[in-house]
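All remarks here apply to the structure that follows.
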Amino acid sequence: MSKQSDPHEWLRFAHDDLAAARLLLTDVELPARMACFHAQQAAEKALKASLVDAAVPFRKTHDLVVLVALQPEPVRAKVSNLDLQRLQQWEVDARYPADFPEITAGEAVAVVAIADQIVAAVAGALRKNDPA
């Protein structure tokens, strides 16, 4: 099995990005937007892990709303009510200069929390789908 067809590899990368986001939040010398970028990446990779696990084809995209719409239950039910746009914006906004105010540490914590909920929902679904 290739790594891209292994949902556990996708989820491992999601956990790595989430860990990076949390670590970045602890260093006040680093911009909070970087934590938000890794949070968005964690959510995206977790959602793709779920799709790979369910054998749902998906096109190359960074759009969390699209990825959530493709999710099998119960993942979709657990994450569709989250503020995906608040998380989505960091896929680009954190990487390039733009005319928007810097995010506060408190706001970044909230963004990382959204990603944490997505990763947790997918991890729980993958555990339930694993043969004992």
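What to note about this one:
- Qualifying residues in segment 77-94 (those that are part of a helix (DSSP H, G or I) and either in contact with a strand residue (DSSP E or B) (Cβ under 7 Å, 6 or more places away or on another chain) or under 17 Å from residue 45 (Cβ atoms) (or both)) - the one most open to solvent (accessible area, probe 1.4 Å): 78
- For segment 1-36, filtered to residues that are modelled with pLDDT under 95 and among the polar types (S, T, N, Q), the residue that is nearest to residue 97 (Cα to Cα) is 4.
- Residue 110 assigned to a helix (DSSP H, G or I), at pLDDT 75 or above and surrounded by fewer than 17 Cβ atoms within 10 Å (Cβ to Cβ): yes
- Tabulated pairs, segment 28-45, first closer than 8 Å to residue 17 by Cβ, second of a type in the set (Phe, Trp, Tyr), C-beta under 7 angstrom, 6+ apart or interchain: 39/90; 45/10; 45/13
- Unique match (being under 15 Å from the mean Cα position of the chain (by Cα) and without any contact (Cβ under 8 Å) to a residue 24 or more places away in the chain) among 20, 55: 20
- Out of 13, 58, 37, sole residue that is open to solvent by less than 50 Å² (accessible area, probe 1.4 Å) and of a type in the set (Phe, Trp, Tyr): 37
- Number of the exception - residue 42 against (1) within 28 Å of residue 29 (Cβ to Cβ); (2) touching a Phe, Trp or Tyr at 6+ places or on another chain (Cβ under 9 Å); (3) open to solvent by 10 Å² or more (accessible area, probe 1.4 Å); (4) not β-branched (Val, Ile, Thr): (3)
Matching residues to (1) touching a Phe, Trp or Tyr at 6+ places or on another chain (Cβ under 8 Å); (2) of a type in the set (Gly, Ala, Ser); (3) modelled with pLDDT under 95:
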| site | (1), (2), (3) |
| --- | --- |
| 38 | no, no, no |
| 53 | no, no, no |
| 59 | no, no, yes |
| 69 | no, yes, no |
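- Single residue of segment 61-76 satisfying the filter (within 20 Å of residue 130 (Cα to Cα) and not acidic (Asp, Glu)) that is most open to solvent (accessible area, probe 1.4 Å): 76
The values are calculated or read from the model by the stated rules, or taken from the named source; none is laboratory data. Quick caveat, the model's predicted, so the values are computed rather than measured. For neighbour counting, all protein chains shown are included, and Cβ atoms are generated from backbone atoms with ideal geometry for every residue, glycine included. The area values use the complete protein model at the heavy-atom level, side chains included, leaving out ligands, DNA and RNA. Shrake-Rupley method; radii C 1.70, N 1.55, O 1.52, S 1.80 Å.
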